[in-house]
Structures are given as structure tokens and as C-alpha cells.
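J.: Got a structure here, written out as C-alpha cells. Questions coming.
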Amino acid sequence: MNSEKRQTMGPAAVLGLFDSADALLHAIPKVREGKLGRLETYTPYPIHGLDEALQLRRSPLAGMVVVMAFLGAIVALAMQGWMSAVDYPVITGGKAPFSWQAFVPIMFELMVLFATFTAGLGMLFLLNRLPFFGHPVLSSRAIRGITRDRFALSVEAEGGSLDPEAATALLSAAGAKDIEVLSLPARAEILDSAFILRALGGIVVACVVAGGLMFAAIKLFPVLPPMSHMQEQAKLNPYKPSTFFKDGHGMQYPVPGTVARGYLPMGPRTPEEANGLVNPLPRTRENLERGREAYTNRCAVCHGPLGDGVPTLTAAYNAKPANFVSEEFRKAPDGRYYWAIVMGKNAMPSQAADMPEEDRWAAIHYVRVLQRAQNAKDSDLEETKP
Amino acid sequence: MIERYLSPSELRRLLSALLVVALFLCILTLFAFLIVPGTRNANAPAAEVPVAAPQGQSGWLDPTAYLAEKGRTVPPIDPRTVMSPNPELMARGKAIYVQTCATCHGAEGQGDGPGAKGLNPAPRRFTQKEGWKNGPGIPEIFQTLEKGVPGSSMVSYNYLSKRDRMALVHAVQSLGRFARAQEDPKALEGLARLFATAGETIPNRVPVAKALTLIAKESQPVARLDLRDPAVRAAVLDPERAAQTLALLPGWRQSVERLASGLSQGLPGNGFSPMVATYSREEWGVLHRALVTP
């Protein structure tokens, strides 16, 4: 069947060789008048005037690109408009569902995408007629001359019919020095369509057989998963059963006595017990300054910068935090403050997560400083005088 | 006159040349005065402008930097002005009530203020006759404000002046929606005598920074702990903290129990190893002996 087909195809082109570009240019109008087939030239370098002589039309690529670019922009606009306004209307940034300004970047992107693809693919496949395996000129005798110093004019078959004798006569009349009749090159047997079909069928069968074997292997050897990704690892899953523990649960209580990092428990169990706590920080200047910082950061917003429970919150919300300067709190032990900081008190939440233990004790020291400042001894007054 | 020397076209050319030169000079001046010094100092640090330190009442924003003030004694008040409500006193009492009490006791005294949630025991309903801890009379409410209610969230409010507290008493009483019993005349008389005799002392004030310096100066460095004894060494985690704890813990020298309970409560954080929580009575005895006899 293949040999028959090759015979019916006949000659593909008749090639005439010329010595100079001028001879080629003069020959073209004469040959074109014969109207035997499509004309094509093959030259070692570009020649001015060839386009006009061959009467090549302007490339339609620019128009195609423009049309496709507009199409891309319209597609982008329609796609986004449909998604944002019709399919899933979500108000974003307080804008209307169809706010075209937001679509402009994508419209631009799709416009460029359509345009570049049209330009590239249209040039290659529509206008240059690729793919074209085995162009007859490439296997001609004349190709060596064409790439050096010969100028070829070929009459090529249009629609599968070409009269080689008429074309030869026409070319020699036009002044061709050498004439060659070209036919489509014989393809290698390996590129036969039957062979390709057989090969593809073989690949499909091989894939099916390999998949079946893999499936059987997984079923037969389930402990050897062919692809063990990271999610398939031998680990405890908190919400899955586990054969490792006796109670069959993956999630277990921590070992008794476990202390989470940063959550050291407090010794006392009741406020009364806490009253016996001792402030372990010495009242050095560094600790007092640290206390001032901690108090200012965590306490002063409610208890006031002076500890008198009159901060801005009182005016705004009628909140009534404790007045540390009052007699009751002046006499209260450090442990009472510590308990309130860790456990919270009334409307006050626990500050334990935000105040490390040293900050708590330092803040209590600073409360003592505030109390001293507003209930100063007579001797303190004398010392303040310069 | 000038046309004797220059033709009009020459004059025009001269003037335009002068204009160009003037423009050029202007640009040069701009460049010299603005741009060149600017580029020269672009990376130079800004000149340090001395800023006066903020002073509280004596100057600026810091509220803890008020002026030192000598305390004084407020003379006793006339009981007749406070023992029975008068419009001025009621207005003052209502204002203080809104600021100080309404958070928990509610604006109408129903015990339903925003701060009342989660209080145990719940705040008093002033509108209800039953269940008053100290009683709804004038001396009793005054007593509550003076001492607070132990075991509840009601703290002492004796930092308010006596007149303010009496104003509050009348404001609270006015919220009651029940017939009040006859007041005890003897208690009323005692209260009146208290107002008439004792004045109030407003304490001295010093700036907070001053008080901080004073306290830091007064604090005595505690003696270092003797770590030679193995029992002490095993029990102590942070020698400085442990020494501070022992210096402030009362009565531990006298009894092993006081030492054991005092140290166990402070764990962790008082400088002792958490392992002392598991000590037996004998081990506490050993530690006590080692700490008492240096």
C-alpha cells in the first residue's frame, strides 16, 4: 500500500538553477506566466525584489495577532466577570461584584498570551506549513549549490498535480542552467503508519500489563508500598486508633506530673496559702526598674500609673480596679498580689501567660514603691529637699 | 540716549543675553544653597537637640513625677452636715456611686453591674432587705465601707474621705426599696462623735522615682547561703533566690513544719529545688538543722 501511494504522488517539484540573482529575478515573471504550480525560490542570501517578483502577499500574521489579542482580552473580561458577578459573587474590598478595573491585569495577561501564541504558532504551523518532514529540496543534488552560489527557482506541485516536462521546458526557456525534477523523499520503513500504530499499541499493552503487575504486587505485598510518601509513616495519629497502647487510642494523656513549657504550676492551692509566699527577688534597683516596666506594660492601664485605681478606664467604662494605695492593700502580703496576677481576680483575667515569674514579683515590688511614694515617711520628705 | 550707542536689535540681543546670564546665576545660586549642602549632609546624623526630661506636675507628661508634698491633717467635720442626707451630699454620693460601686452593684443597686459576673459571693442587691452581712443601717454601711467584707470581693474603701463615705452611705440607702428599721441611736451617736472628734490625715507624697531610690537604698543585701553542707547543696537551685526567700520567710528557724510548708508553697521559683516537695519529715529535719547551724 505504501509503495502504491508513493507512486501515485508523482514529482513534487521541478528545480531550475541560475548563476546569478539577476538571472533569477528575470526568470521569475516568465515562469509565473506558465501557471504550472506554486513558485518558490531558494537562495544563499536574501535578495531584494524577490517578494515583488514572486508577488508574495503581505503576511496576514499581524492581523491575526490583533484579532486574537482582542479575543484574549474579551475572554479574560468575560471569564472574570462571570466568575465574580454571576457564578460566585463575593464582595471584595467593598467593591461591586463586576468591577472591571480589577480585571485589567488579567485581561492584559490573557491578551499577551493569546497574541504571542498566535504569533508563534500561526507563523510555524499556518504560514510556514510545519511540520514538514523531509522537504524534497533538502535531498536534491542542487542543495549544495543553493547554500553556496546558486539561485534556485522551483515550480512546486499545487494540489498534487505537476507536469514535469512542461515545467522543465519553461525553466530552460527562462534561462535555467541546470534542471532537476524532485519527488517526495522515500520515508524510512520505521516511519510507516502501520509501524507507528503497532508501536503505540505495544506501549498501551505494556502500560496495562505493568499496571496490572503493580496492582498485583501491592495486593500481594501490602507491607511494601511502592510509593511511601511522607504522610504514610509509622506515627501516632491523635484521632486514630493505635495498637501500640493498651487502651487502643492514639491520643494519650501526658505522663502524670508533666509540666508544659512556660506553665509552671503555682505551689499554693488557695488564696490563703498564697498569702504565705515570699518575694524571692531582692529589692535591687534593677529589679525595681524591671518591676516598673512590667507594671507599666501589664497593670497600669487598669490600676493606674500611680496604682490608685484611677486610670483612663475608670472614666471610659466605670471600671473599678483595686486601689493599691489604700490601707488594705498596703497591708496585704506579697502573696495576695501574686495570686491575683496568676489566677486573676474578679473581672481581672490571669496575667500568667504574659508575665514571666520574675516580672510578677518585680511588679509587686514596684507596687510597694508606689505605696511608699504616696504614703511617704516624714524622713523621705526631708531627703527630697535639695 | 542709549540708542546713540546701540541699535534696537543690538539692545534686544544684549538684554536677552543678560536674561540668560541672570537665569543661569539663579540656578547656580539655588544649586549652591539648597542642593549642594543637602547632598553634603545627606548621611550626617541630625544634630542632637537637648530635650528637657519630662516632669510630672512640675512639668510634663509623666504622672509619677509629681512634686513632693507634705501630708496634712484635715479638721474634723460637723456631724450635722453628713448624718442626714442633704442635696449636695446626695449629688456627691451618687457621683461616687457611679464611679466606684456601679461596676458590680449595678446602676440601680440590683447587683447586676458588668463586673458582677463571676463574683462569688455575688454583690449585694441594695434593693433587697434580706441577707445584708452588716445590715442596711447608716453605721453598718459605713462599717462595710471602712473594713470591706472579708471573704468576698468587697474591699475596704477607707481611702475615700469620711464625708465621701457618708455621701456614699446615703446614696446606697436611697436605692433601697424597703421600709428601713429604726436606726440604733447609740450607734448613730458613736458615729457622730467619730466625725466630730477625729480628723483625717492626708499622707506625705514623694515622686515615685524618689521612692524607688529610697527602697532600693534601704534594701539590705542578704547574707550568702552557706553551701558547704551537702543537704543544703542538694536542696538549693538558685542560691541568691534561696537566701532571699529564707531572709523574708518568717519563723522558719523555730520549726521544721514552718520551713517545710513555707518552702513547699513557694516552689518553683523560691530558689529551692522542686525535689524538696518530695522530702520526708526526716529529710526536712536534716535540711532545717543544716540551715539553722551555719
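Quick note: the coordinates plus some simple rules give every number you see, no bench work behind them. It should be emphasised that the depicted structure is a prediction, and the values quoted were computed from it without experimental measurement. Glycine also receives a Cβ, built like all others from the backbone with ideal geometry; neighbour counts cover every protein chain displayed.
J.: Can you give the helix-only mean residue ellipticity at 222 nm for chain A, where every DSSP H stretch with n ≥ 4 adds -39500 (n - 2.57) and the sum goes over all residues, rounded to the nearest 500 deg cm²/dmol?
T.: Taken over chain A, the calculation gives -14000 deg cm²/dmol.
J.: In addition: Plugging the Kirkwood radius over Cα pairs into Stokes-Einstein for the protein assembly as shown, at a temperature of 37 °C and a viscosity of 0.692 mPa s, what D comes out in µm²/s? Could you put the intermediate results ahead of the total?
T.: Working: Rh = 38.7 Å.
Here the translational diffusion coefficient equals 85 µm²/s.
J.: Something else about it: Neighbour counts of other C-beta atoms within 10 Å: give me B:Lys186, A:Lys30 arranged from fewest to most.
T.: The fewest-first ordering by Cβ neighbours comes to B:Lys186, A:Lys30.
J.: Between B:Asn204 and residues 5 or more places away or on another chain, which pairs have amide H atoms under 5 Å apart, with H built 1.01 Å from N, and which residues are they?
T.: Those qualifying (amide H under 5 Å, at least 5 residues apart or on another chain) are A:Ala376, B:Gly71.
J.: So which aspartates and glutamates can A:Lys95 reach, going by Cα to Cα under 18 Å and dropping same-chain residues fewer than 8 places off?
T.: A:Asp87
J.: Once a ≥ b ≥ c are taken as the square roots of the eigenvalues of the Cα gyration tensor of the range A:10-186, is the result rounded (a/c under 1.5), prolate (a/b larger than b/c) or oblate (a/b not larger than b/c)?
T.: Values: a/c = 3.89, a/b = 3.31, b/c = 1.17.
Prolate, because a/c is 1.5 or more and a/b exceeds b/c.
J.: Could you tell me whether chain B comes out rounded, prolate or oblate from its Cα gyration tensor? Rule is a ≥ b ≥ c as square roots of the eigenvalues, rounded for a/c under 1.5, then prolate if a/b exceeds b/c, otherwise oblate.
T.: oblate
J.: OK, next. Using a 10 Å cut-off around each Cβ of peptide A:374-382, what is the average number of partner chain Cβ atoms that fall inside?
T.: 6
J.: Through the Karplus equation 6.51 cos²θ - 1.76 cosθ + 1.60, θ set to phi - 60°, convert the phi angles of the range B:141-156 into ³J(HN,Hα) values in whole Hz; use x for Gly and Pro.
T.: Along the range B:141-156, the couplings run 5, 4, 4, 4, 5, 6, 10, x, 10, x, x, 10, 7, 7, 8, 6 Hz.
J.: In whole percent, what relative contact order does chain A give with Cα contacts below 8 Å and a gap of six or more residues?
T.: It rounds to 19 percent for chain A.
J.: I need A:His135, A:His48 ordered by Cβ neighbour count within 10 Å, fewest first.
T.: A:His48, A:His135
J.: For chain A, take the longest principal axis of its alpha carbons; what is the angle in degrees between that and the long axis of helix A:21-34, to the nearest 10 within 0 to 90?
T.: 70
J.: Right, here's the next one. How do A:Arg290, B:Arg253 line up, fewest other C-beta atoms within 10 Å first? Present the calculation step by step, with values, prior to reporting the outcome.
T.: Details: A:Arg290 19, B:Arg253 12.
Fewest to most other Cβ atoms nearby, the residues stand as B:Arg253, A:Arg290.
J.: Each residue of the range A:196-206 in turn: what ³J(HN,Hα) in whole Hz from Karplus with 6.51, -1.76, 1.60 and θ = phi - 60°, glycine and Pro shown as x?
T.: Those phi angles translate into 4, 4, 4, 5, 4, x, x, 5, 4, 4, 4 Hz.
J.: Using a Förster radius of 60 Å, what is the FRET efficiency between A:Arg148 and A:Val204 based on their Cβ-Cβ separation? Nearest 0.05, please. Each step should come with its number before you reach the end.
T.: Details: r = 48 Å, r/R0 = 0.80.
E between A:Arg148 and A:Val204, to the nearest 0.05, is 0.80.
J.: Ok, one more. Name the residue farthest towards the positive end of the dipole of the protein assembly as shown from the options A:Ala157, A:Asn323, A:Val208, assuming +1 on Cβ of Lys and Arg, -1 on Cβ of Asp and Glu, about the Cα centre.
T.: My answer, from the dipole projection, is A:Asn323.
J.: For a 25 Å ceiling on Cα separation, which of these pairs sit above it: A:Lys345/B:Lys217; A:Lys320/B:Lys217; A:Lys30/A:Lys177?
T.: Among A:Lys345/B:Lys217; A:Lys320/B:Lys217; A:Lys30/A:Lys177, the Cα-Cα distance tops 25 Å for A:Lys345/B:Lys217; A:Lys320/B:Lys217.
J.: If you place +1 on the Cβ of every Lys and Arg, -1 on the Cβ of every Asp and Glu, and leave all else neutral, what size is the dipole of the range A:10-186 about its Cα centre, to the nearest 20 Debye?
T.: Numbers: 13 positive and 15 negative charges, 44 e Å.
In total the dipole reaches around 220 debye.
J.: Then there is this: Partner chain Cβ atoms within 10 Å, averaged over the residues of A:299-308 - can you pull that number for me?
T.: That average works out to 2.
J.: Let me ask something additional. Tell me the angle of helix B:185-197 to the major Cα principal axis of chain B, expressed in degrees between 0 and 90 and rounded to the nearest ten.
T.: Its long axis makes an angle of about 40 degrees.
J.: Oh, and also: Apply the Karplus parameterisation 6.51 cos²θ - 1.76 cosθ + 1.60, with θ equal to phi minus 60°, to every residue of the range B:119-131 and state each ³J(HN,Hα) to the nearest whole Hz, in sequence, with x for glycine and proline.
T.: Residue by residue, the range B:119-131 yields 7, 9, x, 5, x, 4, 8, 6, 8, 9, 7, 7, x Hz.
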